[in-house]
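Colleague: Once you've had a glance at the structure underneath, I'll fire off some questions.
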Amino acid sequence: MKFLRLLVLLLVLPAYSQQGGMWIPSLLKGMNETEMKNLGMKMSASDIYDVNKSSLKDAVPQFNGGCTSEVISSKGLLLTNHHCGFGEIQAHSTVEHDYLTDGFWAMSLEEELPNPDLEVTFIVKIEDVTSQILNGVSDISSEAEKQKKVQENIASLTKSSPKEAWQENRIRTFYEGNQYILFVVESYKDVRLVGAPPSSIGKFGSDTDNWVWPRHTGDFSLFRIYADKNNRPAAYSKDNVPYTPKHFLPVSIKGVEEDDFTLVFGYPGRTTEYLPSVAVEQIVNNLNPAKIEIRDKALKVADGFMRKDKAIKIQYASKYASIANYWKKWIGETQGLKKSNAIEIKKKFEKEFLEKVNKAGKQAEYGNLFADFEKNYAEIAPYALSRDYFTEVVLRNTELLTIGYRLYQLEQVYNSRGEQSFKDRKEATIKALEETYKDFNATVDEKVFEQLIELYATKAPKQFLPATLKNADYKKLTDRVYDSKLTSYKGLKELLSGDAKAVMAKINADKGYQFVKSLADTYLKEVSPKYDEINLKIAALQRTYMKGILELSPKEARIFPDANSTLRVTYGKVKGYSPSDAVTYSHTTYLDGVMEKYIPGDYEFDVPAKLIDLYNKKDYGQYGKKGKMPVCFIGTNHTTGGNSGSPAIDAKGNLIGLNFDRVWEGTMSDIYYDPAICRNIMVDMRYVLFIIDKYAGAKHLINEMKIVGGKK
């Protein structure tokens, strides 16, 4: 099928089938269902989403608020990515029992490991509540007061809408505030680790291969949902039993072919497909380069320590992966936006939009939109850049500063709410930071600080720098800041011991805290208020722009709402691609590629001896194909962060793959989707089952699943 190059609206002529877009599952009937069937789907829209009977939605919970997962057995067996379960695998790992390196497999229910604070959330019902939320809003002129009224309506309706006692109502914004939808959800809080391959399989290729195709990563882990005796959510208890799902996904070992239909179900986190061209220019030319440089420096420091010390490698494994993930994504996104000419395409669309405005006589409502966008984005530029430097250096990549900022917030609580609120917040802070200090290494963090603080001082807008950073000697500054009790959990507890007055005196005498406070004071006084003020204006403009797009587009236009961590469907096909001249990628990779990349002893490309043995013997069981073991495949599904762990489902509703990444050339799909090069990357379920069965010997887990599509 010939691809159409999609514009921002993703407008599709009736003769073609849509690829791209993140669609609300309760609204698929009509053109979406027709498009999916044109692509080869054999199911109906009600098979995907139904309130009154079980459907695919009942097998796809959100995993711990940031990933997706799927139920694959009648006993609540749960599949997600290795990188989504990485924190839990790491938490159970020690130098003596290193599940990151060696893998983990529970051979019975009794061996499954509990995970405090881990939960999965199912969608029970989806309902449009736009009219209730916007009631009384149109009569208000002030943007801030409009948003206040919206929030009041959301709070009221969230409280009053019917639900069961163990359920929760959540209302989310769509189309930049032009639509509101209520989700009734239920969250299960007893979720236990069942299995995880070693990182040499689950994280094979690590950061080098991240966002890259061809890919050879077995990025999966297994958990199990437990419930009380009534099959309802309950806190961890030895008396809980495996959850009985409303629906679970059969697992297909039939395999995939080029142009096969694929449906990816999940909770995509955040996209901004309808940004104006001036906003994209700011991202490409200013914001992304700054964030990339900061993370590049932090990663090089951490990598140097991790390669020399196994304990530090364990401590920093999850943090390093988290930092590297978006560092590499921003690089690919910037390159993709330039290569696909996204800014010029958006400018062309904006010109056509204004022509529609003039034709419809809507100049008063929409005629000044782009001039106003230009003015406000020019005004916000230095504040946005300063905000990114503060966020990246203080809140994300330098742990002592992040910890210090928690204490800064504690001081603000004391100043604004008094002694009792301070005491409650203090105890919560001490408890929360215990886990942080478990993986904190002052030596590593000090070197990260020394690198990043120089960037902050020399690259952030000068008018927003505190006096402590002007003309500073960065080595001396580093020594002074790390002469702080914040470098250990013991020191932190000493600082926070005593009543509020004593604590305030101690933290304000601490050199590390003094520096954090100088940064935070300047940011919160000079940057944050003005940024928020201008950003509120931009949000109002964006809402009006989105309203105009919806209002002035033809009936057949396919306009999906931006991702916002709510349940979505994206559909497409298994498809290779050509990223550049004379380069063509096929749609599937094999275990042969793992062996081609194999570097003995390398932390990214080592291969377990048993996997090498299985490869040499070609011992693939029922999962191989013509003497080869499929590992990963790619498709045209429009995915983003949050779709990690999403099921890739075939035309009949069977699980064929596990989504875990996108190709580097197409990471700009959060801002502009180009079907020629945007591809999502999935682990082939045959490889997942092969690792569970032949590598781990966990046949009991295979027996628990419903396997379909095998040889008769």
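We did not get these values from a lab; they are worked out from the coordinates using the rules stated. Everything numeric here is computed off the predicted structure, so don't read it as measured data. Note: ideal-geometry Cβ built from the backbone for every residue, glycine included; neighbour counts use all protein chains shown.
Colleague: Once every DSSP H run of n ≥ 4 in the chain is given -39500 (n - 2.57) and the sum is divided by its residues, what mean residue ellipticity at 222 nm do you get, rounded to the nearest 500 deg cm²/dmol?
Modeller: When only DSSP H runs of four or more count, the value is -13000 deg cm²/dmol.
Colleague: Go through 314-324, 235-245 and give me the packing order, highest mean Cβ count within 10 Å leading.
Modeller: Listed from highest to lowest mean packing, they are 314-324, 235-245.
Colleague: Would you please name the GluC sites (Glu not before Pro) within the stretch 146-213 that are DSSP coil residues with at most 10 other C-beta atoms within 10 Å of their C-beta?
Modeller: Taking the stretch 146-213 and a limit of 10 other Cβ atoms within 10 Å, the loop GluC sites (Glu not before Pro) found are 164.
Colleague: On to the next question. Which FRET efficiency, nearest 0.05, do residue 595 and residue 436 yield, Cβ-Cβ r, R0 45 Å?
Modeller: Given R0 = 45 Å and the Cβ-Cβ separation, E is 0.70.
Colleague: Taking the Cβ of each residue in 43, 595, 668 as the centre, tally the other Cβ atoms inside 10 Å and list the residues starting with the fewest.
Modeller: 595, 43, 668
Colleague: Based on Cβ point charges of +1 for Lys and Arg and -1 for Asp and Glu, what charge dipole magnitude is obtained for the stretch 277-549 about its Cα centre, in debye rounded to the nearest 20?
Modeller: 440
Colleague: For 669, 518, what ranking results if the residue with the fewest other Cβ atoms within 10 Å of its Cβ goes first?
Modeller: Ascending number of Cβ neighbours within 10 Å: 518, 669.
Colleague: Based only on Cα atoms, what Rg/Rh ratio does the chain have, Rh being taken as Kirkwood's radius?
Modeller: Rounded to two decimals, Rg over Rh is 0.96.
Colleague: About the Cα centre of the chain, how large is the charge dipole given +1 on each Lys and Arg Cβ and -1 on each Asp and Glu Cβ? Please answer in debye to the nearest 20.
Modeller: 600
Colleague: No other cysteine beta carbon under 4.7 Å away is the test; run it over the chain and list who passes.
Modeller: Among the cysteines of the chain, those whose Cβ sits 4.7 Å or more from every other are 632, 678.
Colleague: While we're looking at this one, here's another question. Going toward the positive end of the dipole of the stretch 277-549, with +1 on Lys and Arg Cβ and -1 on Asp and Glu Cβ, which of 336, 491, 366 do you reach last?
Modeller: Of 336, 491, 366, it is 336.
Colleague: With a ≥ b ≥ c the root eigenvalues of the C-alpha gyration tensor of the stretch 122-188, is it rounded (a/c under 1.5), prolate (a/b larger than b/c) or oblate?
Modeller: It comes out prolate by the Cα gyration axes.
Colleague: Another question, if that's okay. Could you order peptides 562-570, 484-492, 337-345, 124-132 by the average number of other Cβ atoms within 10 Å of their residues, highest first?
Modeller: Output ranking for 562-570, 484-492, 337-345, 124-132: 562-570, 484-492, 337-345, 124-132.
Colleague: Order these peptides, 416-429, 270-283, by their mean beta-carbon neighbour count within 10 angstrom, highest first.
Modeller: 270-283, 416-429
Colleague: Between residue 699 and residue 187, 0.36 nm times their residue separation minus their Cα-Cα distance comes to what?
Modeller: 181.4 nm
Colleague: List residues of the stretch 406-435, by number, whose backbone nitrogen lies under 18 Å from a label position 7 Å along Cα→C-beta of residue 521.
Modeller: Within reach of a label on residue 521, which here means backbone N under 18 Å from a point 7 Å along Cα→Cβ, the stretch 406-435 contributes 406-416.
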